[in-house]
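Asks: Take a look at the following structure, please.
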């Protein structure tokens, strides 16, 4: 039976571990300390948030990285985006040509504004680059743990790699699609978290479904604009890793980013909100990385700009949402340095 290593005891890491172990795969979940490993063995995934969910017998927990990675087919890095680099550095010395390396993180690195596959590539031997793939889609952990149907996308530049992962990790209730647009799939998973922060603000302010639909749609266009500028297909952003993930994250009370947005409208500080949370709201750090990237590219991203000002400059959420939705109307695909017009003209005449 294939062996899978999961690096990271995040809610998503534990969820993937439980789901795959239920299918009979041998899963090894790596915890950073023996104390954490022991607590997980004794307490399960999280009895407070996930009552009734236990680790299957096929899932083992270890604090030994060499033990976790011995003879595995796939290494899944389910860690916060801001710790991806330090984690892949630890993993790198244990890799071999037969191991597929998959990022399950949804964010960009602060400082470099790089995607997770780029961060991984910088820290491993170039001979393993072709084995890198990414996983992204509308995947709320609690629903998946309760065996509710879900779908996601595994993307790799080499489609054969994506198909290997698809075949290995698909389950009856967790359908994996493949894609070769790694840039688009990664950006979809990262950028929708910024939009979800704003959608939470719209809900927290009670602005209604019309306003939320407008906000999400404008957010999707902004996601597509950045994706196109960086070499992604905007069509990828209309798929599971873009629109699909955007809908789930903006609509569900299970979304951490949506929760942060709602709580900001109550007058709570960002630090107070994030300190009280059990997991990481990736949109908080991704907003900084994308804002910096937009500045370097000279790209017009009005939603990202306003969310950045709310999080880090002190702009009132009410004013931010009104300004976003009240901007002077123009063509939907118009924006400074956006390439959406040229892309769709090319598609129309090709």
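Asks: Among the helices (runs of 4 or more DSSP H) lying completely within the stretch 150-256, list those that include at least 1 residues that are surrounded by fewer than 24 Cβ atoms within 10 Å (Cβ to Cβ), touching a residue at least 24 places away in the same chain (Cβ under 8 Å) and in the same structural domain as residue 299 (by TED's automatic domain parsing).
Replies: 182-204, 208-229, 245-251
Asks: Looking at (1) surrounded by 15 or more Cβ atoms within 10 Å (Cβ to Cβ); (2) under 23 Å from residue 212 (Cβ atoms); (3) modelled with pLDDT under 90, which is the only condition residue 339 fails?
Replies: Unmet for residue 339, out of (1) surrounded by 15 or more Cβ atoms within 10 Å (Cβ to Cβ); (2) under 23 Å from residue 212 (Cβ atoms); (3) modelled with pLDDT under 90: (2).
Asks: Name every residue in the stretch 1-43 that is touching a helix residue (DSSP H, G or I) at 6+ places or on another chain (Cβ under 7 Å) and in a helix (DSSP H, G or I), in order of residue number.
Replies: 11, 12, 15, 18, 19, 20
Asks: Do the conditions hold for residue 15, that is, is it under 19 Å from the mean Cα position of the chain (by Cα) and surrounded by 21 or more Cβ atoms within 10 Å (Cβ to Cβ)?
Replies: Against the criterion (under 19 Å from the mean Cα position of the chain (by Cα) and surrounded by 21 or more Cβ atoms within 10 Å (Cβ to Cβ)), residue 15 qualifies.
Asks: Restricting to the stretch 263-276, name every residue that is surrounded by 14 or more Cβ atoms within 10 Å (Cβ to Cβ) and closer than 25 Å to residue 141 by Cα.
Replies: Hits for the stretch 263-276 are 263, 264, 270, 273, 274.
Asks: When residue 46 is evaluated against the numbered criteria (1) assigned to a loop (DSSP other than H, G, I, E, B); (2) within 27 Å of residue 288 (Cα to Cα), which criterion, by number, is the only one it fails?
Replies: Going through the list (1) assigned to a loop (DSSP other than H, G, I, E, B); (2) within 27 Å of residue 288 (Cα to Cα), residue 46 breaks only (2).
Asks: When you go through 248, 225 one by one, which is the residue that is over 18 Å from residue 315 (Cα atoms) and either modelled with pLDDT under 95 or out of contact with any helix residue (DSSP H, G or I) (no Cβ under 9 Å at 6 or more places or on another chain) (or both)?
Replies: Going through 248, 225 in turn, just one is over 18 Å from residue 315 (Cα atoms) and either modelled with pLDDT under 95 or out of contact with any helix residue (DSSP H, G or I) (no Cβ under 9 Å at 6 or more places or on another chain) (or both): 225.
Asks: Look through the stretch 80-105, keep the residues that are assigned to a loop (DSSP other than H, G, I, E, B) and touching a strand residue (DSSP E or B) at 6+ places or on another chain (Cβ under 6 Å), and return whichever of them is surrounded by the most Cβ atoms within 10 Å (Cβ to Cβ).
Replies: The residue in question is 104.
The values are calculated or read from the model by the stated rules, or taken from the named source; none is laboratory data. Everything numeric in this text was worked out from a predicted model, so none of it was measured. Glycine gets a Cβ as well: all are built from the backbone with ideal geometry, and neighbour counts include every protein chain shown.
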